[in-house]
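Notes follow the structure.
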Amino acid sequence: VAVAPSNAQRVYAVVQSKAGVLWRSDDAGATWKLVSTDTEVNQRPFYMSRLAVDPADADHVFAMSENLMESTDGGYRFHEVTGAVHQDHHDMWIASGGSRMIEASDGGSPISLDGGKTWDERYNTARGQIYHVGYDLENPYHVCGGLQDNDSFCGPSDSLNPQGILNADWRDVGNDGDGSWVWPDPLDASLVWNVGVSALNGQLGIYDLASRQNFDVSPSVRDTNGIALAGLSYRFNWEAPIAFSAREPHAAFFGGNVVFKTVDRGRHWTVISPDLTRNDSLHQQQAGGPVNFDISGAEFYDTILDIAPSPRDARVIWVGTDDGLVQLSRDGGHSWHNVTMQGVGDYGRVSCVEASPWSAGTAFAVVDRHFMGDPAPYVFETTDFGASWHSLSTGLPMLQYAHAIRQDPRNPDVLYLGLEQGVWISFDRGAHWASLQLDMATAAARDLRVQPVANDLIVASHGRGMWILDDLAPIQSLRRAQASGDYLFQPRTSYLFWRWWSNGYGNQAGECCAPEGEFVGENPPAGVAVSYYLRVPLAEPPTLVFLDSGGHVAAHVAGTNAAGVNRVWWDLAEDGPVQWQSARDWNKGPSEGPTIVPGTYSIRLSLRGRVLSQSFAVRPDPRARWTSLEYAARHQIVRELDDELSAIDVKLNALDAQGLQGSAAYRALTSHPINSEDDLAYPDGLRERIATLLLALGLSQGPPSSAHLHEAAAIRAQFASATRM
């Protein structure tokens, strides 16, 4: 129902009726007349059906349906707004003047400034609704997610682009419809398994990143749209699950109402289970009625939602269904047993079963009953292959149903839980829970995974895109840190990644800015994350000292002094040279020294009379071809040039303090450019000559060429002469 703001007597009502769809009253509801039978105004009534009336014109009305429909004659005739972004339209706001509009659809929230004639999408926030998350084991690794009504995508966890993770860094790897499950093949990350809704419900494909082809490997291609499922051999959920065996190479699983298995990437499938659902024919009828049916596939029931092969035992396979069952095979699928927990109402969605990475007999499960009017979180653990379950729900918010649970692969007591409004954590295996929301936007955490190599937590939110919590070491070792008082966590291995513009330098405003109007994901900071725990705050922030394997100090980094976990990043560059203070910013000199060479480094942190220390590895950029000797050669020449530059700037600062800018000593050190254009107008002085060579060397991590070495030798001779003055 929508009342015209400019005329309170004018009321519109969109009605699901065989007699018509749009009715209008011009006397505040006393009488009504049918104005439109156009079903395009009210497609899929259970999912959409909203109206918005122009505040400045009672005859100008929008109908939000599968398409955005517009009428300018009081609802008698409608046309599609073809400039609107995406489809499946749900709501609209119109400003009082009637020109400014914001529209909400399954593809975002486009705006119009001219009454709906033209539309523009502002990509300034992440708004992806992601069902499930996947990842590969590349370095940097990629994350993948299936998006509601927007296909499936994979993108880098770190683009190595100073501008961040751009839209262009993501690859569409789906089947041109709704996405859900997406996983790079464990044996070949260029092949991405993806589940979506396109020609079929729960359609399975393998996308080849090289050829950009999505090969359909669905085990059944019977079209089930528009028919009842009762009596069919196979039923597939909108989010039909895929899973891979950690113990049996090439083995992959796919869930319908039975479990399918393949060992040749879907060319052939074997059914390894009976129907594992309740198989209630009353729940397998056409959706909708009595006015009209609506069978998109999202309403299919008695299907499998999750398959969880045990990482400890290839014979153990857990299954969760959308009608409330947990099933288990302990012999690779030859026999199955219903191990559903007791005390939970029927027909919950077992949306996640987590096979423990620590024990084959241990599993965790969540049950979502909000479709039954019960929004409470149901979280369980079994340690005896499902013979008994105990609840882990105590202390959780009672109006946030659970979506997914994961056990930490490095600390069995740590559990991560995705609820309807965010992420929670337990440090004692579910006895107590706390929010792990941090700076993540409030949204449903539909799935979460721990990337095992980087040791990151990846969260797929349903509404605010993908989130990554870098380096879980402080979480995994928090209890040990708390017992120690002050504690320095073990840093993870770091890499000398080289960062450069992937979309072409010069077509944007330098490294500071992303393309206009485009949302950009955050890269993790460059270098190594260093985390430490303070039992109480420090009076002053500490300084972290980084040393090479020979015990020589490489860098100092300022820390933070809050109680609890503190984290700083070292960018793997040594301390910078002294800067020329009177110069303008562009010419003060580098703020950091040479990049370190690969090797073993250590951290020294002095806290309350104690010196804490940890060592960690720094490895080369895995994409680069430089040898250890070449890294060392580059470091040596840059260090030498930095030292010379530092000595020059110490002397220039002293001469500035004495007011001797025009002295012979001053002129021997620099041509003294004030603006960057001045540097082009005068011959280089010694300082400018050093800066030019540093710029040339700064274009890569590669070793100096013979030309570089020749120039460095000439600079060295000039430096010796100039600094004697």
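The values are calculated or read from the model by the stated rules, or taken from the named source; none is laboratory data. Everything numeric in this text was worked out from a predicted model, so none of it was measured. FYI the Cβ positions are ideal-geometry reconstructions off the backbone, even for glycines, and counts take in every protein chain you see. For accessibility, only protein heavy atoms count, side chains too; no ligands or nucleic acids. Shrake-Rupley method; radii C 1.70, N 1.55, O 1.52, S 1.80 Å.
Restricting to the stretch 183-201, give me the number of residues that are of a type outside the set (V, I, T), under 23 Å from the mean Cα position of the chain (by Cα) and surrounded by 15 or more Cβ atoms within 10 Å (Cβ to Cβ). Let's see the steps before the verdict.
Taking the stretch 183-201 and keeping what is of a type outside the set (V, I, T), we get 183-191, 193-194, 196, 198-201.
Subsequent filtering for residues that are under 23 Å from the mean Cα position of the chain (by Cα) retains 183-191, 193-194, 196.
Next, from what is left, pick out any that are surrounded by 15 or more Cβ atoms within 10 Å (Cβ to Cβ): 183-186, 189, 191, 193-194, 196.
Count: 9.
Residues of the stretch 69-93 that are assigned to a loop (DSSP other than H, G, I, E, B), acidic (D, E) and surrounded by 13 or more Cβ atoms within 10 Å (Cβ to Cβ): D88 alone. I'd like to check something: does the stretch 610-621 contain any residue that is within 30 Å of S705 (Cβ to Cβ) and open to solvent by 40 Å² or more (accessible area, probe 1.4 Å)? Yes - at least one qualifying residue is present in the stretch 610-621.
Is it the case, given these coordinates, that D447 is over 22 Å from H337 (Cβ atoms), in contact with a Cys (Cβ under 8 Å, 6 or more places away or on another chain), of a type outside the set (A, V, I, L, M, F, W, C) and open to solvent by less than 10 Å² (accessible area, probe 1.4 Å)?
Values: over 22 Å from H337 (Cβ atoms): yes; in contact with a Cys (Cβ under 8 Å, 6 or more places away or on another chain): yes; of a type outside the set (A, V, I, L, M, F, W, C): yes; open to solvent by less than 10 Å² (accessible area, probe 1.4 Å): yes.
It is true that D447 is over 22 Å from H337 (Cβ atoms), in contact with a Cys (Cβ under 8 Å, 6 or more places away or on another chain), of a type outside the set (A, V, I, L, M, F, W, C) and open to solvent by less than 10 Å² (accessible area, probe 1.4 Å).
Considering the stretch 277-319, the residues that are among the β-branched types (V, I, T) and more than 21 Å from Q203 (Cα to Cα) include one that is surrounded by the most Cβ atoms within 10 Å (Cβ to Cβ), namely I317.
Residues in the stretch 263-296 that are in contact with a Ser or Thr (Cβ under 9 Å, 6 or more places away or on another chain) and in a strand (DSSP E or B): T270 only. Selection of the stretch 702-725 for residues being at pLDDT 95 or above, open to solvent by less than 30 Å² (accessible area, probe 1.4 Å) and not in a loop (DSSP other than H, G, I, E, B) yields A712, I715.
Results for (1) touching a residue at least 40 places away in the same chain (Cβ under 8 Å); (2) open to solvent by 50 Å² or more (accessible area, probe 1.4 Å), shown as yes or no for each residue.
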| residue | (1), (2) |
| --- | --- |
| H337 | yes, yes |
| A355 | yes, no |
| W358 | yes, yes |
| A404 | yes, no |
| L415 | yes, no |
| S426 | no, no |
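Do we have any residue at all in the stretch 218-234 that's modelled with pLDDT of 95 or more, part of a strand (DSSP E or B) and open to solvent by less than 40 Å² (accessible area, probe 1.4 Å)? No: the stretch 218-234 contains no residue that is modelled with pLDDT of 95 or more, part of a strand (DSSP E or B) and open to solvent by less than 40 Å² (accessible area, probe 1.4 Å).
Taken over the stretch 692-701, the residue count meeting the criterion of being open to solvent by less than 40 Å² (accessible area, probe 1.4 Å) and more than 34 Å from the chain's Cα centre (by Cα) is 3.
Go through the stretch 112-146 residue by residue and tally those that are hydrophobic (A, V, I, L, M, F, W, C), at pLDDT 95 or above and open to solvent by less than 50 Å² (accessible area, probe 1.4 Å).
Filtering the stretch 112-146 for residues hydrophobic (A, V, I, L, M, F, W, C) gives 113, 119, 126, 130, 133, 137, 143-144.
Retained after the next criterion (residues that are at pLDDT 95 or above): 113, 130, 133, 137, 143-144.
Now narrow it down to the ones that are open to solvent by less than 50 Å² (accessible area, probe 1.4 Å): 130, 133, 143-144.
Within the stretch 112-146, residues that are hydrophobic (A, V, I, L, M, F, W, C), at pLDDT 95 or above and open to solvent by less than 50 Å² (accessible area, probe 1.4 Å) number 4.
In the set (1) closer than 30 Å to R278 by Cα; (2) open to solvent by less than 20 Å² (accessible area, probe 1.4 Å); (3) not aliphatic (A, V, I, L, M), Y378 fails one condition alone, (2). Considering F371, F364, the condition of being surrounded by fewer than 19 Cβ atoms within 10 Å (Cβ to Cβ), aromatic (F, W, Y) and either at pLDDT 95 or above or within 22 Å of A445 (Cα to Cα) (or both) is satisfied by F371 alone. For the stretch 105-164, filtering for residues that are outside any loop (DSSP other than H, G, I, E, B), touching a residue at least 12 places away in the same chain (Cβ under 8 Å) and of a type in the set (A, V, I, L, M, F, W, C) leaves 7.
Mind listing whichever residues of the stretch 543-574 are assigned to a loop (DSSP other than H, G, I, E, B) and either free of Cβ contacts under 8 Å to residues at least 40 places away in the same chain or closer than 14 Å to E592 by Cα (or both)? Break it down into steps so the answer makes sense when it comes.
Keep residues of the stretch 543-574 that are assigned to a loop (DSSP other than H, G, I, E, B), which gives 548-552, 559-563, 571-572.
Correct list: G550, G551, H552, T560, N561, A562, A563, D571, L572.
Here G662 meets each of (1) part of a helix (DSSP H, G or I); (2) exposed (fewer than 14 other Cβ atoms within 10 Å of the Cβ); (3) without any contact (Cβ under 8 Å) to a residue 24 or more places away in the chain with one exception, condition (1).
One residue alone among S96, S109 is in contact with a Pro (Cβ under 8 Å, 6 or more places away or on another chain) and open to solvent by 30 Å² or more (accessible area, probe 1.4 Å), and that residue is S96. Once the stretch 1-31 is narrowed to residues that are within 13 Å of G74 (Cβ to Cβ) and assigned to a loop (DSSP other than H, G, I, E, B), the residue that is least open to solvent (accessible area, probe 1.4 Å) is A4. If you take the residues of the stretch 428-440 that are among the small types (G, A, S) and free of Cβ contacts under 8 Å to residues at least 24 places away in the same chain, which of them is surrounded by the most Cβ atoms within 10 Å (Cβ to Cβ)? Filtering the stretch 428-440 for residues that are among the small types (G, A, S) and free of Cβ contacts under 8 Å to residues at least 24 places away in the same chain, the one surrounded by the most Cβ atoms within 10 Å (Cβ to Cβ) comes out as S435.
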